[in-house]
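None of the figures in this text is laboratory data; all of them are computed from the coordinates on show. Keep in mind the model is a prediction, meaning the values are calculated, not measured. Heads up, the Cβs are rebuilt from the backbone with ideal geometry, glycines too, and the neighbour counts pull from every protein chain shown.
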Amino acid sequence: MTALPLPAGFEDRLRQLLGQAHVKSGDALDAIDPGWNRNNLKSGLLALPGSTEEVASLVRLCREAGVSIVPQGGRTGLVGGSVSAPGQLVVSTARLNAVERLDPIERTVTAGAGASLQSVQEAAAAHGLEPGIDLPSRGTATIGGMISTNAGGIMAFRNGVMRHRILGLEAVLPDGTVMSDCTRVVKTAAGYDLKHLVIGAEGTLGIVTRAVLKLDPLPQASATALFGLPSVEAVLEVIQLALALPGVTLRAAEAMWRPFLDLTAEALGWRSEAIDRSAPVYGLLSIGGAEDASLPAAFETLFETVLERFPQATGLIAQSSRQERELWRLREDTDLVYHAYPAAPSFDVSLPQSEIPAYLGRLLPELARIDGAFEPLIFGHLADGNLHIILNRPGPLEPDVAAKVETAVYRDIRERGGSFSAEHGVGSQRIGPLEATADPGKLALIRLVKASLDPHGTMNPGVIVRR
Ligand SMILES: Cc1cc2nc3c(=O)[nH]c(=O)nc-3n(C[C@H](O)[C@H](O)[C@H](O)COP(=O)(O)OP(=O)(O)OC[C@H]3O[C@@H](n4cnc5c(N)ncnc54)[C@H](O)[C@@H]3O)c2cc1C
């Protein structure tokens, strides 16, 4: 299917189907924020279906008319998975945003694909529960987008990624069939578990319309601390110590290398006497428990042990929820990096913990050999082995430099048992690394699945699989 101008009469038929107010083009479309990729709304036409039936009808309309579809949720995706071009139709899930059913006894929530993560978190918190997954983009990222990218985030080391939080799912397939598998149980051994084909498919196999998520108890109290440590090995060891703390739960264990912390701290005007700012790596840890009083004491006990192991360590335990938020902003305000280095080349890799020191020990000198002024900004969800690596350079790089950097970042990821894309997906921007690092058998099966379910290339062409 090619991205040519829309067939005559297509937009009128769409408007008849959904109503004038729910089809946007021209000025009405220009008023919509394109999100993290300025090409997201380049199609010039956006549909806002209000029900699964409307999604199915418009998918059939597109298929008949030979128009390809780009599904969009919150447009916070970072790998060009929802970029569109003239001749395509953007299908937004913004109207499918209801938190439909929350059962605090069975601990499940059913939500429309367009519900933001934060709206689900807030609905769950009212019952002392949480969806067990959390991302800095929580206010905008949608349940459907998170399913489609198999999002990971802060709590993945404990609770798994989006795939592990989903009990049931409804999606409209490329031929307009509605696959409704909204079970609300953990156990279902009823043949192929097809929802897992759609999870992580980035809109290439259908449009997710609704999902059932597991909920977990939300701890009544939480505390956060920042540790300055001598090495990544030390941060990994501190995570193990924190996991073993009695009576509390480790909820987050993030790492920030000094160049990254320097940049966000500088931009936010943050400083603290308690933290030595010359440490090479910092660990940001949050713990949860039954009551506020015991949590700082747990961190103090941890810090005493850390000092025995690493006498040069420094630490700061947040004394108020305001201080806790300030510490988290140092880690979560990653857009500050892109303000400093617009379109900076960025990577999202994961490695088994035991491989991280050796991987960085190889990569950092190699990047310095490519360009002595590279000082990568590294941070990430260290407890699950996920590193975000952003170069201190506006993008795009010169093609030959970009190729050398990619080779350096990805070269041994597969042999080390990791992934070139930890949590952001493949999108349109990471097909090259997928083809370079995937097992040929797996790659062939990906193409076979796409060709079987979407033979006309209706759904998000050019994402994961080349057109
Ligand atoms: C500041 C910031 C921090 C972030 N932190 C994290 C993080 O910690 N962990 C993480 O995993 N990601 C993170 N992300 C990336 C992003 O938020 C996630 O990928 C998120 O899952 C995307 O959700 P979305 O609703 O914005 O999807 P979109 O960006 O709209 O779409 C993403 C992909 O999913 C497809 N899609 C969207 N909705 C549907 C649907 N209903 N059916 C089928 N396909 C659909 C799109 O076609 C596209 O391919 C971060 C992004 C930002 C901007």
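Can you give the direction-averaged projected area of the convex hull of the alpha-carbon atoms in the range 379-449, in nm²?
Details: hull surface 23.3 nm².
Mean projected area of the Cα convex hull: 5.8 nm².
Quick check: from the Cα gyration tensor, does the range 221-333 come out rounded (a/c under 1.5), prolate or oblate? Here the range 221-333 falls in the oblate category.
Considering only 278, 191, 327, and ranking their Cα positions along the charge dipole of the chain that arises from unit charges at the beta-carbon of Lys, Arg, Asp and Glu, the one farthest toward the positive end is 191. Multiplying the residue separation of residue 33 and residue 12 by 0.36 nm and removing their Cα-Cα distance gives an extension gain of 5.2 nm.
A cut-off under 14 angstrom between Cβ atoms defines the neighbours of residue 13, and their net charge, with Lys, Arg +1 and Asp, Glu -1, is -1. Could you check how many percent of all C-alpha pairs in the range 308-383 are farther apart than 19 Å? It works out to 58 percent of all Cα pairs.
Assuming a viscosity of 1.567 mPa s and a temperature of 4 °C, what translational diffusion coefficient in µm² per second does Stokes-Einstein assign to the range 336-424, Rh being the Kirkwood radius over Cα pairs? Before the final figure, lay out the partial values.
Details: Rh = 13.2 Å.
Calculated translational D: 98 µm²/s.
Cα-based Rg of the range 318-467 per 2.2 N^0.38 Å, rounded to two decimals? Intermediate results must be reported in sequence, preceding the final value.
Details: Rg = 17.7 Å, N = 150, 2.2 N^0.38 = 14.8 Å.
Output field value: 1.20.
Note on residue 24: lysines with a C-alpha under 16 Å away, same-chain residues under 8 apart excluded, are 42.
Once both labels are positioned 7 Å from their Cα atoms along Cα-to-Cβ, the gap between residue 401 and residue 339 label points is 2.4 nm.
How much space per residue, in cubic angstrom, does the convex hull of the C-alpha atoms of the chain take up? Can you show the working numbers first?
Numbers: hull volume 70.8 nm³, N = 467.
Residue-normalised Cα hull volume stands at 152 Å³.
For the chain, relative contact order (Cα pairs under 8 Å, six or more residues apart, normalised by length) works out to 16 percent. For residue 195, a cut-off of 27 angstrom between C-alpha atoms picks up these lysines, skipping any fewer than 8 places away in its own chain: 187, 214, 442, 450. Using just its DSSP H runs of length 4 or more, each adding -39500 (n - 2.57), the chain gives a mean residue ellipticity at 222 nm of -10000 deg cm²/dmol after division by all residues.
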